[in-house]
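Here's the structure, in structure tokens; my notes come after.
The values are calculated or read from the model by the stated rules, or taken from the named source; none is laboratory data. Keep in mind it's a predicted model, so treat the numbers as computed, not measured. Note that we place each Cβ from the backbone using ideal geometry, even for glycine, and neighbour counts take in every protein chain shown. The accessibility values were calculated without ligands, DNA or RNA, using every heavy atom of the protein model including side chains. Shrake-Rupley method; radii C 1.70, N 1.55, O 1.52, S 1.80 Å.
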Amino acid sequence: MSILDWLFIGLLSAAILCGLFVLILFIQSFLTGRKRAGLQKKRIKNKKKRKKLQRRVQKMKKKQWRQFRSALLLLVLGGAFGGGAFYSRYYQAHRLGEQDSNAIVQGYHLVATIEEELGSEESLANPEKAAARLRDLTGRLSSYGTRIPSQRLSEEGQRLLSRQYSYMSELGVNLFTQAETLMTDEEARLEVEADLEKVRIHQTKVLKHFSINEDSLKKTN
């Protein structure tokens, strides 16, 4: 499990414990109050015993206040722990884990490199060598079909990633089978541009959803 998983479990456990102690302290405070109220109703004529009773009532009043104050403090603390636990889960649901993050970054660079290969003069000048490079790139891209998004992500995040992996895999398979033709046939290159555009458009949606700065990806390309 990741650090965030352990953090979620730890914070949630602490919140539950705080909730249990809050319940116990509120019950104790209520029982102490009832007991104090019962003592206050007593009518004692003996002055010495009456003073002793008053001291006991005051002592119980302070005890009740301590119990109530401790319950409130634990309630606030438990709320903070609970809020932290659910925020960590929310963060996980809207941020890519290491595996998915690496997959998106590598896929972004693969698509960009393939576009460069298809449009470079060097590739057109040496089509056989360029076709070999293209097969290597598209072979890696087609492997995205086996990837499964992290289950920790939100349903929308999983759906976006799953579709992106599917688009990249389809693009990789399509280009792999046409590698040599693409290096010599301009019309074939124009046809695959639509597939590349589909991947780029959905790629932009994925980057936006997970708050990934595309400019930073371009700098590492």
Worksheet item: What accessible area per residue, rounded to a whole number of Å², is obtained for the chain using a probe radius of 1.4 Å?
Response: 65
Practice prompt. Can you tell me the equivalent ellipsoid semi-axes for region 139-221? Use √(5λ) from the Cα gyration tensor, largest first, whole Å.
Written response: 26, 15, 11
Discussion item. As an exercise, find the ratio Rg/Rh for the chain from alpha-carbon atoms, using the Kirkwood inverse-distance average for Rh.
Written reply: 1.46
Discussion item. With the cut-off at 22 Å, tell me which of the pairs 129/198; 129/218; 198/218 have Cα atoms farther apart than that.
Written reply: 129/198; 129/218
Worksheet item: What is the extension gain from residue 181 to residue 54, computed as 0.36 nm multiplied by their sequence separation minus the C-alpha to C-alpha distance, in nm to one decimal?
Response: 35.7 nm
Discussion item. Leaving out ligands, DNA and RNA, and with a 1.4 Å probe, what % of the accessible surface on region 111-205 is carbon or sulfur?
Written reply: 47
Response to the item:
Once phi for every residue in region 156-169 is put through the Karplus expression 6.51 cos²θ - 1.76 cosθ + 1.60 (θ = phi - 60°), the whole-Hz ³J(HN,Hα) values, with Gly and Pro written as x, are 5, x, 5, 5, 4, 5, 4, 5, 5, 4, 5, 4, 5, 5
Practice prompt. Have a look at 126, 102, 46 and tell me which one the Gaussian network model of the chain (Cα, springs below 10 Å) gives the largest fluctuation.
Written response: 46
Worksheet entry | Euclidean distance between Cα centres, region 122-175 to region 189-212, Å | 11
Discussion item. Between helix 186-209 and the chain, what is the angle of the helix's C-alpha long axis to the longest principal axis, kept within 0 to 90° and rounded to the nearest 10?
Written reply: 10
Practice prompt. Find how much the distance from residue 72 to residue 34 grows on full extension, using 0.36 nm per residue of separation minus their present alpha carbon separation; answer in nm with one decimal.
Written response: 11.8 nm
Worksheet, complete the sentence: In this structure, the FRET efficiency calculated for residue 173 and residue 91 from their beta-carbon separation, with R0 = 41 Å, to the nearest 0.05, is 0.75
Item to complete: Using label points projected 7 Å from each Cα along Cα→Cβ, tell me how many nm separate residue 24 and residue 80, to one decimal.
Response: 2.1
Worksheet, complete the sentence: Relative to the chain, whose Cα atoms define the longest principal axis, helix 98-119 and its Cα axis are tilted in degrees, nearest 10, by 20
